[in-house]
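Here's the structure we're looking at; comments come further down.
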Amino acid sequence: MREGLVPRRRFLQLLAAGSVVAARFPSAEARQAIIKQAPPELFVTSGSNLEMRWEALYNRGYIVPNELFFVRNNSPVVPRLDPATWRLQLGGSGLSRPRSFTYDEILGMPSVSVIRAIECAGNGRSFFQATHGKKIPGTPWRLGGIGVAEWTGVPFREVLDRAGVTPRAREVMPEGADTLHIKRSIPIEKAMADDTLLVYAMNGHPLPPDHGFPARMLVPGWVGVAHVKWVSRCEVSEQPLYSDYNTKRYVLIGPDYEARPPAMGPVLTTQKVKSAFELPWNGEVRSGQQLLRGRSWSGEGTITRVDVSLDGGQAWRQARLREPNIELAWARWDLDWDARPGTPSLQARATDSNGNTQPDRVPLNEEGYSYWAVVSHPVTVK
Ligand SMILES: Nc1nc2c(c(=O)[nH]1)N[C@H]1C(S)=C(S)[C@@H](COP(=O)(O)O)O[C@H]1N2
Ligand SMILES: [Mo]
């Protein structure tokens, strides 16, 4: 028998029990919130969301492999779309030749690959509890609502050009085929940028179902919700386009923010600068000389500097930035650390090429978005 093959008799038993068929051909009735495996050493599971554990990145490379990439699903079920019948339909006042594309047509177009981050707007939400004493409803992300991958697809500009985008087109609103039909508009300039893609492959594999198979948007630097998964329709308009996702949600609401009708507050666009240590949260670290590692990222450029404090913010040392340092992705950094037994509070403060430096505190907003202040990471050194 060849290695890796199930013996024939065992295979027939499995077939009779239905498990082979179920595993390989999930039926339309198999309504799953997440398709991929979520072992507890890689993820914290929260409803239909998977938060990446930062310690799982230690000793890995620059890219987050597909099996470790976080998942954020607003809808309760992952749509299972058939690429043979899937279409991307484009319409609206900003197009002179509205049309649809098949999966094969998309695959047959000139493609590009880019390395970019996708990060949830709510990443860091749980820290509002410590700084503002407020428990905010929604997924209680620490800092694992981000990942960096190599995305392959078609420049969205090419898709728009083939649908006859007009010089008066102003906004573009892709829409997903999930239960909630998530849709979120972006300005035409962003839709036409070199690295805004209609993505069909992730780290060299067809886009996994959890991440939007057969196709999703990549809108580098922008809040996660703009990277619409399972994209099946797209409106292109000469007028501003609104949905719940740029009027009621993914907007900043609170005493420090003014309403911008029809939006309840300033609409979230690019992500600010943040940092995380590749360590277990509130976990144990062995004492002694070691490399302390982390990563910093920004939706507005590259990382230019990272300072680290090992004593809760009194003394600061500059960390060494490692290559590559790709814009709108992240930079890895490290620092020599002589860890002494105790419970130090580790902090990292990054600056990006747009001049943003992580502040000590950010104002509260009702939905807990954009927590980009310096975070105190608790560990126990034994
Ligand atoms: N259709 C659709 N697209 C979606 C979502 C969704 O729920 N439905 N979630 C969005 C949000 S809020 C985020 S943060 C990213 C997460 O992408 P990922 O699950 O591939 O990590 O997808 C975005 N695209
Ligand atoms: Mo998100």
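The values are calculated or read from the model by the stated rules, or taken from the named source; none is laboratory data. Fair warning: this is a prediction, and the values are worked out from it, not measured in the lab. Glycine also receives a Cβ, built like all others from the backbone with ideal geometry; neighbour counts cover every protein chain displayed.
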Report task. Tally the residues that are away from ligand 2 (no atom under 16 Å from the Cβ) and of a type in the set (S, T, N, Q), restricting the search to the stretch 59-86. Result -> 3
Query raised in the report: Do you know which of the residues in the stretch 352-370 that are of a type in the set (G, A, S) and touching a Gly at 6+ places or on another chain (Cβ under 7 Å) is surrounded by the most Cβ atoms within 10 Å (Cβ to Cβ)?
Result: G368
Query raised in the report: Is it the case that some residue within the stretch 47-67 is in contact with a Lys or Arg (Cβ under 9 Å, 6 or more places away or on another chain), more than 25 Å from V114 (Cα to Cα) and modelled with pLDDT under 95?
Result: yes
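Tell me yes or no: at least one residue of the stretch 191-211 is within 16 Å of ligand 2 (Cβ to nearest atom), assigned by TED's automatic domain parsing to the domain that holds L160 and either surrounded by fewer than 21 Cβ atoms within 10 Å (Cβ to Cβ) or part of a loop (DSSP other than H, G, I, E, B) (or both). Before you say what the answer is, go through the steps one by one.
Keep residues of the stretch 191-211 that are within 16 Å of ligand 2 (Cβ to nearest atom), which gives 210-211.
Still in the running and assigned by TED's automatic domain parsing to the domain that holds L160: 210-211.
Narrowing the set further to residues that are either surrounded by fewer than 21 Cβ atoms within 10 Å (Cβ to Cβ) or part of a loop (DSSP other than H, G, I, E, B) (or both) leaves none.
So far as the stretch 191-211 goes, no, none of its residues is within 16 Å of ligand 2 (Cβ to nearest atom), assigned by TED's automatic domain parsing to the domain that holds L160 and either surrounded by fewer than 21 Cβ atoms within 10 Å (Cβ to Cβ) or part of a loop (DSSP other than H, G, I, E, B) (or both).
Within the stretch 218-228, take every residue that is more than 8 Å from ligand 1 (Cβ to nearest atom) and among the aliphatic types (A, V, I, L, M) and give me the one that is nearest to A84 (Cα to Cα). Lay out the reasoning, then the answer.
From the stretch 218-228, those more than 8 Å from ligand 1 (Cβ to nearest atom) are 218-222; that's our starting set.
Filter once more, so that each one left must be among the aliphatic types (A, V, I, L, M): 218-219.
Values: L218: 22, V219: 26 Å.
Here the answer is L218.
Picking from P167, P206, P140, which residue would you name as being in contact with a strand residue (DSSP E or B) (Cβ under 8 Å, 6 or more places away or on another chain) and free of Cβ contacts under 8 Å to residues at least 60 places away in the same chain? Can you show your working first?
Working: P167 fails: in contact with a strand residue (DSSP E or B) (Cβ under 8 Å, 6 or more places away or on another chain); P140 fails: free of Cβ contacts under 8 Å to residues at least 60 places away in the same chain.
Selected residue: P206, the only one of P167, P206, P140 that is in contact with a strand residue (DSSP E or B) (Cβ under 8 Å, 6 or more places away or on another chain) and free of Cβ contacts under 8 Å to residues at least 60 places away in the same chain.
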**Report entry** Top-ranked residue in the stretch 171-190 [being in contact (Cβ under 8 Å) with a residue 40 or more places away in the chain and among the basic types (K, R); ranked as surrounded by the fewest Cβ atoms within 10 Å (Cβ to Cβ)]
**Finding:** K183
Requested in this report: Mind listing just one residue for me: the one in the stretch 259-283 that is part of a strand (DSSP E or B) and closer than 24 Å to S296 by Cα and, of those, farthest from ligand 1 (Cβ to nearest atom)?
Outcome: G283
Query raised in the report: Residue check: is E67 in the same structural domain as T196 (by TED's automatic domain parsing), within 16 Å of ligand 1 (Cβ to nearest atom) and buried (at least 21 other Cβ atoms within 10 Å of the Cβ)?
Result: no
Query - Conditions (1) over 25 Å from T139 (Cα atoms); (2) of a type in the set (S, T, Y); (3) not in a strand (DSSP E or B): number failed by S232 - result: (3)
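For the stretch 241-258, give me each residue that is hydroxyl-bearing (S, T, Y) and either within 12 Å of A191 (Cα to Cα) or within 12 Å of ligand 1 (Cβ to nearest atom) (or both).
Going residue by residue through the stretch 241-258, those that are hydroxyl-bearing (S, T, Y) are 242-243, 245, 247, 250, 257.
Selection gives S243, Y245, Y250.
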Query raised in the report: Looking at (1) in contact with a Gly (Cβ under 9 Å, 6 or more places away or on another chain); (2) away from ligand 2 (no atom under 16 Å from the Cβ); (3) within 18 Å of Y245 (Cβ to Cβ), which is the one condition that is false for A177?
Result: (1)
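Name every residue in the stretch 223-240 that is surrounded by fewer than 20 Cβ atoms within 10 Å (Cβ to Cβ) and either of a type outside the set (D, E, K, R) or more than 16 Å from I186 (Cα to Cα) (or both), in order of residue number.
Looking only at the stretch 223-240, we keep the residues that are surrounded by fewer than 20 Cβ atoms within 10 Å (Cβ to Cβ), and these are 233, 237-240.
Result: S237, Q239, P240.
Which count do you get for residues in the stretch 193-203 that are more than 16 Å from V228 (Cα to Cα) and out of contact with any strand residue (DSSP E or B) (no Cβ under 6 Å at 6 or more places or on another chain)? Talk me through it step by step, then tell me what you get.
Our first condition is that a residue be more than 16 Å from V228 (Cα to Cα); within the stretch 193-203, this holds for 193-194, 203.
Cutting the leftovers down to out of contact with any strand residue (DSSP E or B) (no Cβ under 6 Å at 6 or more places or on another chain) gives us 193-194.
Matching residues across the stretch 193-203 total 2.
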Query raised in the report: What strands (runs of 3 or more DSSP E), lying completely within the stretch 87-171, carry at least 1 residues that are aromatic (F, W, Y), away from ligand 2 (no atom under 16 Å from the Cβ) and more than 19 Å from the chain's Cα centre (by Cα)?
Result: 99-102
Query raised in the report: Does G61 fit the bill of being small (G, A, S), in the same structural domain as W230 (by TED's automatic domain parsing) and under 18 Å from the mean Cα position of the chain (by Cα)?
Result: yes
Report task. Would you mind finding the one in M109, M192, M202 that is within 22 Å of S75 (Cβ to Cβ) and touching a helix residue (DSSP H, G or I) at 6+ places or on another chain (Cβ under 8 Å)? Result -> M202
**Report entry** Candidates R340, R349 - the one that is exposed (fewer than 12 other Cβ atoms within 10 Å of the Cβ), over 17 Å from N59 (Cβ atoms) and touching a residue at least 24 places away in the same chain (Cβ under 8 Å)
**Finding:** R340
Report task. For the stretch 116-131, state whether one or more residues are of a type in the set (V, I, T) and either within 19 Å of N66 (Cβ to Cβ) or surrounded by 22 or more Cβ atoms within 10 Å (Cβ to Cβ) (or both). Result -> yes
